[in-house]
Each structure stands twice: as structure tokens, then as C-alpha cells.
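The values are calculated or read from the model by the stated rules, or taken from the named source; none is laboratory data. Just so we're clear, the structure is a prediction, and the values are computed from it rather than from any experiment. Here Cβ is always computed from backbone atoms with ideal geometry, including for glycine, and neighbour counts include all displayed protein chains.
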Amino acid sequence: MTVIDDFAARLDEAARTRTPCAQLSAERDISLEDAYAVQRALVELRLGRGERDFGVKLGFTSRAKAVQMGVDDVIVGRLTSGMVFADGDELDLAAFVHPRAEPEVAFRLGRDIAEGEIPGTEAVEAVAPAIEVIDSRYRDFRFSLADVVADNTSAAAVVLGPWRRLDADLGNRGVLLEVDGRLAGAGSTAAILGDPLRALTAAARMAHQHGIPLPAGTVLLAGAATAAVALQAGTQVCATVSGLGRARFSVTDQGGSDD
Ligand code: OOG
Ligand code: MG
């Protein structure tokens, strides 16, 4: 087994057993390129178990997130079908290590993006408010840039609100994250690379750089506009993007975890 496959297997095991692992960077220096190779191998394990590619996500596109995690380069990760939940679904705390929620804007591509192409907004078929659930597989939710890239950018689940056509400016929309109706975070879509549509060009550039295909139907998460909040059993989480509507889910604890 190569080091890449070994690291991917460890992260996969950590996710499957909900047991956090040590940072890979504590064991050996890994380049960003190797970290993306681990991410690819990790996603292949999911696809090998019958999941399908669903989309891509960007990380650290806002200052709020970069400051929260102490990491400030934009990164790209993959979303697979097993991570996707519908609006209003229940998420079981016991399925994760130490999950956190963050409000996002999701885009759906209406056509394939060719390699090397930098798409414009006409490539976007629809837009939706979304909540991303991130769940680092590392102990204490701490990592280096290479660690978090290898861990598929902490991707764990995504709840999508209603889709609508992209027919208005998204550059400065209020973003709210509420838990049980109480404000847990507030920001603006302007925090996402200045305008969340820039996520489209950034994602195209990074996806091509790291060999991630962008076929029609791909869902892209542009990155959180606020810091993420830890999930608590028995609560309702709601994200609202002004003019786009909201996405929500409730948190259960069927596994009786004491996390
Ligand atoms: C990494 C994922 C960051 C975002 O929206 O900025 C991210 C993490 O914070 O664990 O998804
Ligand atoms: Mg995110």
C-alpha cells in the first residue's frame, strides 16, 4: 500500500467509525499535491461503495472561515451522493465525529465545463440556499492546510434548500444561521470572494488543476459566509440567504452518542 492509500484508508476508517485520528502532517510532511492525491483516493473509496459524484465545494473563501480555522488558502473538495440530504431532513449526530453547520450558497451547472474553460454565469442553471455540515476527521477539529485537503476539506453532509433560476445579483445578500430560531451567525454573500459567483471561476480553475471533472448537473458550494457552529442533538438548524430563501434540518441522536 502506498503512503497515499494508507492515509486515505485511515481517514476513511475515521469517518466510518466516527473516531478522530491524528493529523497526517504530524507524521510526515505532505505537499499540497500529495494531499489532493489522498483526497482523490478517499473519494474513490466512497465511489467504490456505490456512491456517486454529486458536486464540488470550496473552502476558506471567506475571512470568517479562514480566521476560525487558522487556514487561509482557498481549497476544493468533493461532494458525493451519500452526503446529500433534502430540506427539512433529520441528521443523526451519531453518524459524525464532531459535526458543525455553516450557511452556504449552492450553484448547479447547466452544462459540462470543459477542461481549462473559465465559465460565466450562463453555465449556472440554478441557485439555492444550503447548509454544509463539515466534520473534520482529525482530533479536536485541528489541521494544517494539507491535512484538511487530504480529509476532503471536512466534507460530511449538505442540505439543499429550494432551487431557483439565477436571475439576480448575488453580490451582497444577507446570510443568517439560526439554531432553534436564535441567531448563531450572520454575514453577507459579499464575504465569499467578494461575490459568490467568483466561486464559479475559482472552482473551475481548481477543479481542472486537481483533475476533478465538472459535468452538467454538478452542484457547487461556494463556501461559508460565517463561522461554523457545532451541532447539538434536539436542535433545528436554519440558514437563510436573503432573496433565495432558506434550508433547514433537525439534529437527532439515535446512536445515543455523548459527543
Ligand atoms: C474546512 C472546510 C471549509 C468553507 O466553507 O470554508 C469550508 C473546515 O473548516 O473544516 O467548507
Ligand atoms: Mg463549507
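The C-beta contact set for region 220-232 (first residue at pLDDT below 95, second residue of a type in the set (A, V, I, L, M, F, W, C) and part of a loop (DSSP other than H, G, I, E, B), distance under 8 angstrom, 6+ apart or interchain) comprises Ala225/Ile192. Specify the residue that is nearest to Val219 (Cα to Cα); the eligible residues are those in region 163-200 that are touching a Pro at 6+ places or on another chain (Cβ under 9 Å) and crowded, with 20+ Cβ neighbours inside 10 Å. By that ranking, first place goes to Leu200.
In summary, no strands (runs of 3 or more DSSP E) completely within region 52-156 bear 1 or more residues that are surrounded by fewer than 23 Cβ atoms within 10 Å (Cβ to Cβ), at pLDDT below 95 and away from ligand 2 (no atom under 12 Å from the Cβ).
There is at least one residue in region 102-109 that is in contact with a Phe, Trp or Tyr (Cβ under 9 Å, 6 or more places away or on another chain) and either of a type in the set (Phe, Trp, Tyr) or in contact (Cβ under 8 Å) with a residue 24 or more places away in the chain (or both). Among the candidates Phe107, Phe143, the residue that is within 12 Å of ligand 1 (Cβ to nearest atom) and within 17 Å of Leu58 (Cβ to Cβ) is uniquely Phe143. Condition first: surrounded by fewer than 23 Cβ atoms within 10 Å (Cβ to Cβ) and under 14 Å from the mean Cα position of the chain (by Cα). Now tell me which residues in region 27-51 satisfy that. Within region 27-51, just Val43 meets the criteria.
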